[in-house]
There are 2 protein chains.
Amino acid sequence: MKIKIKGTGITKFGELWSQSLESLASDAALDAIKDSGLEKNQIEAVYVANMIYGKTANQDQLGALIASNLGIKGASLRVEAACASGGLAVHLATQAIMAQSYKNVLVVGVEKMTDVGISEITSALMGAGSESERKAGLTFPGLYALMAKSHMAKYGTTKKHLAAVSVKNHYHASMNEKAQFPFEITEEKALNSPEICSPFTLFDASPITDGAAAVILSSDLTSGSTNNVYITGSAVASDTVDLAARDSLLELRATKEASVKALKQAGVEIKDIDIAEVHDCFTIAEILAMEDLGFCKKGEGGDFIKKGITRLGGKMPVNTSGGLKACGHPVAATGLKQIIEIADQIRGRAGKRQAEGINCGLAHNVGGSGATVVVHIIQS
Amino acid sequence: MKIKIKGTGITKFGELWSQSLESLASDAALDAIKDSGLEKNQIEAVYVANMIYGKTANQDQLGALIASNLGIKGASLRVEAACASGGLAVHLATQAIMAQSYKNVLVVGVEKMTDVGISEITSALMGAGSESERKAGLTFPGLYALMAKSHMAKYGTTKKHLAAVSVKNHYHASMNEKAQFPFEITEEKALNSPEICSPFTLFDASPITDGAAAVILSSDLTSGSTNNVYITGSAVASDTVDLAARDSLLELRATKEASVKALKQAGVEIKDIDIAEVHDCFTIAEILAMEDLGFCKKGEGGDFIKKGITRLGGKMPVNTSGGLKACGHPVAATGLKQIIEIADQIRGRAGKRQAEGINCGLAHNVGGSGATVVVHIIQS
């Protein structure tokens, strides 16, 4: 497959109390449209990714709402698969283009999370868990802490390994003006921050964030001057929503399945990947991703990251955007932000955090504790 | 396009207090799988349509949940576009098959509405309206009543025209064992039932319903013995969510756009349609649908229905399932039920309500007050 990323747009990520969900979505979309060089009437469909606005603001049918705000007629819809909603909307848009339903599709991921009470947002996010997990009083820090504890017990992964993820991603975010937390932290700071759920401290967790990100995907493969970047693989896999129903807490099976499929579509191997954005909702998730995607062996993810291989300047930078941890995590916008970061790195638009010689990247977007995983391969 | 409807399944529609959303979804899906003759491991993706369960039960990521309940691995996702969610999920599944992503896709539409308090469900449904409509205190009966009042003022449509829709659809439902209200009503009963929102009486409105419906779509076009029925057109169009922002209250623009596109894809004209299921959430909506789809001229929908043309035995039966009015309206299941009804009529499976000589049908699914419309053409 070969689908052009014809334009991208992204808002500041953070606590954006002066902006509504609708204004964030429009801002990102209008930037993407401008970047694409298309007129609005050339965009035939609007795919919107959103998880929680139906619950927190009682606004559904967001596809039609955002499309009509933009003055775009044609098809529109909303996709939801918890934190993987953004990647999934892109996946569906690539299918629509391959099916020749549309030439140009706008995909917008947006979330407005910070102007909701903390217990309401915690409850809303647990919609991505199972009923039994909710009844047991589990939260997402708790679910990922179970995976972290298992990994530590089996493979000797330490809190310092976890902190290495956070320190690296904050370093990257310090060079990203769109990031929610654009500052560096030390290992000491990460380790000594308040414990939120053993073994996690505050700096092991991604934050609550407002933000939007948008891409224009196109079947137009003619080479423009700046935007020669393409999605060449796009795959989804799923697993049980209930963590307790899985065979293992040491891996996300859906990550393996989606990545194998996406790499095959693109005709590349994992060793060909120059850069990756992975779903570090908690630090352990980035360690699991390194292993499950095949960048290193199972159990060695902590050391792999601690060695600096995935730090900017290393052999294969990971989460140069700052990741969910430091760039922020407006749930359904995250999957789009990951793809935009890879596209920017390929096009040499990443500013201070530009990596060298980037031709092929991977974006890895996870829903819940791994029930949905979407993997995209992006190439020059 | 040509996509095979390889299997269908549908639960009873009604107040199903002994069943959960998950059990309803599984029941419909398992029936569809059995009907298709496929093994579960031949189904590569599960597309779930649902509007309100995230709000009323805080359960998101329904794609993965329902897929794992069924023991189906592979891709899964949830689609939402208010009451058009079901048609939209089918539309996306046809795209995925045309894109050659999957050979066999299970599409499930499911809703559990009756075990929620009446103010909570009314509020949840208004998620399909705009913020200004919610702030104005409007409900969906109110929104469609505005359209009905306009139609009456402009074209002389009467309450008897509205009642004719309800009487016909109850007649059809009386022959459908899956229907929520399988009984006939008289014009007198409809006209004298309590007024819920002028000009509507109780019998002008579709009910709150539990239920699920599922189809297996397939790229396998080999002719089996019983299931030779195909989707040959599938299109979506959208409009403003806010009714007040439209040019006219006398039509649904998105119905026109989606139907023109779907008919073109199928290579048929509106005169070739033998049967239709249209979105009669309120009686006026069926009148508008007759006109906007082009079965009759604008303003003549009421007479067109009152003449009996769309009653079983008439030239072009409409809503032989009983429609949303009498079969019931489990929001996201409705779009799938419509397609199943047409498929059953084509395959001669419609029992007591079987129409004669049915080869080509149209299914028309509307979200909110017309912000999203999905039209499918189904042929033998």
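The values are calculated or read from the model by the stated rules, or taken from the named source; none is laboratory data. Not measured: the values here are computed from a predicted model. Backbone-built Cβ (ideal geometry, glycine too); neighbour counts: all protein chains shown. Remember, those area values only see protein heavy atoms, side chains included, never the ligands or the DNA or RNA. Shrake-Rupley method; radii C 1.70, N 1.55, O 1.52, S 1.80 Å.
A few points about this structure:
- Ordering of B:273-279, A:126-132 by packing [mean C-beta count within 10 Å, highest first]: B:273-279, A:126-132
- Out-of-range pairs (alpha-carbon distance over 19 Å; input B:LYS154/B:LYS298; A:LYS160/A:LYS307; A:LYS297/A:LYS325): A:LYS297/A:LYS325
- Using alpha-carbon coordinates, inclination of helix A:140-155 to the longest axis of chain A, degrees: 50
- Sorted peptide list for A:20-27, B:336-343, criterion being average Cβ within 10 angstrom, highest first: B:336-343, A:20-27
- Distances in nm from B:ASN69 to the matching label points in the other copies, shortest first (labels 7 Å along Cα to Cβ): 3.2
- Amide proton proximity set for B:GLN59, modelled H, under 5 Å, gap of 5+: B:GLY54
- Calculated FRET value between B:LYS2 and B:LYS34, using beta carbons and R₀ = 22 Å, to 0.05: 0.40
- Exposure of B:LYS2 as accessible area (Å², to 10), given a probe of 1.4 Å and all protein chains: 100
- Under 5 Å between amide hydrogens, built in the peptide plane, is the criterion, and for A:ILE275 it picks out A:CYS360, A:LEU362 among residues at least 5 positions away or on other chains.
- When only Cα pairs below 8 angstrom with a gap of at least 6 residues are kept, the stretch B:64-188 shows a relative contact order of 12 percent.
- Set of aspartates and glutamates with alpha-carbon distance to B:LYS103 below 14 Å, sequence-local pairs under 8 removed: B:GLU39, B:GLU44, B:ASP220
- J(HN,Hα) series, the stretch A:183-193, from Karplus relation 6.51 cos²θ - 1.76 cosθ + 1.60, nearest Hz, glycine and proline x: 8, 7, 10, 9, 4, 4, 4, 4, 5, 9, 6
- For B:GLY137, inter-copy separations between label points set 7 Å beyond Cα along the Cβ vector come to 4.3 nm, shortest first.
- Once both labels are positioned 7 Å from their Cα atoms along Cα-to-Cβ, the gap between A:ASP247 and B:LEU221 label points is 3.8 nm.
- Förster-model FRET efficiency, 45 Å R0, A:ASN41 and B:ILE309, C-beta, rounded to 0.05: 0.75
- Of A:ALA205, A:GLY301, B:GLN265, farthest towards positive along the dipole that unit charges on Lys, Arg, Asp, Glu beta carbons give the protein assembly as shown: B:GLN265
- The residues packed around B:ALA213, meaning those with a beta-carbon under 14 Å from its beta-carbon, carry a net charge of -4 if Lys and Arg are +1 and Asp and Glu are -1.
- Between B:LYS271 and B:LYS154, the C-beta separation translates, for a Förster distance of 35 Å, into a calculated FRET efficiency of about 0.85.
- Contact order for chain A, expressed relative to its length and based on alpha carbon pairs under 8 Å spaced 6+ residues apart, stands at 27 percent.
- For the stretch B:63-108 versus the stretch A:38-56, the spacing of their alpha-carbon centroids is 19 Å.
- With helices as the sole contributors, the protein assembly as shown gives -11500 deg cm²/dmol at 222 nm; each DSSP H run of n ≥ 4 counts as -39500 (n - 2.57), and the sum is divided by every residue.
- Sorted largest first, the principal axis extents computed over the alpha-carbon atoms of the stretch B:154-224 equal 51, 30, 20 Å.
- D_trans [Stokes-Einstein, Kirkwood Rh over alpha-carbon pairs] for the stretch A:24-128, 37 °C, 0.692 mPa s, µm² s⁻¹: 230
- Accessible surface of A:PHE181 - all protein chains present, 1.4 Å probe, nearest 10 Å²: 60
- Less than 5 angstrom separates the built amide H of B:GLY233 from those of B:ILE377, all sequence-distant by 5 or more or on a different chain.
- Angle in degrees between helix B:253-266 and the longest Cα principal axis of chain B, rounded to the nearest 10: 40
- The stretch B:245-380, relative contact order in percent, only Cα pairs under 8 angstrom and at least six apart counted: 32
- Note on B:LYS149: aspartates and glutamates with a C-alpha under 18 Å away, same-chain residues under 8 apart excluded, are B:GLU133, B:GLU195, B:ASP204, B:ASP242, B:ASP247, B:GLU251, B:ASP280, B:GLU286, B:GLU291, B:ASP292, B:GLU300, B:ASP303.
- In whole percents, the pair-distance distribution calculated for the stretch B:273-380 from its alpha-carbon pairs, binned every 10 Å from zero, is 16, 53, 30, 2.
- Whether the stretch A:165-302 is rounded, prolate or oblate, judged on the alpha carbon gyration tensor where a/c under 1.5 counts as rounded: oblate
- B:ALA136-B:GLN354 pseudo-label distance in nm [points 7 Å out on the Cα-to-Cβ vector]: 4.8
- Residue pairs exceeding 30 angstrom between C-alpha atoms, taken from A:LYS40/A:LYS261; A:LYS34/A:LYS264; A:LYS168/A:LYS271; B:LYS189/B:LYS271: A:LYS40/A:LYS261; A:LYS34/A:LYS264; B:LYS189/B:LYS271.
- For chain B, built as a Gaussian network whose Cα springs stay under 10 Å, the top-fluctuating residue of B:GLY322, B:GLY109, B:GLY301: B:GLY301
- Degrees separating the helix B:85-98 axis from the principal Cα axis of chain B, which is the longest one: 40
- For the stretch A:136-210 and the stretch A:295-315, distance of Cα centres in Å: 16
- Overall, the anisotropy analysis places the protein assembly as shown in the prolate class: the square-rooted eigenvalues a ≥ b ≥ c of its C-alpha gyration tensor yield a/c not less than 1.5, with a/b exceeding b/c.
- The stretch A:43-87 shape via C-alpha gyration tensor axes, a/c threshold 1.5: oblate
- Distances between copies at A:ASP115, taken between label points 7 Å from Cα along the C-beta direction, are 3.5 nm in increasing order.
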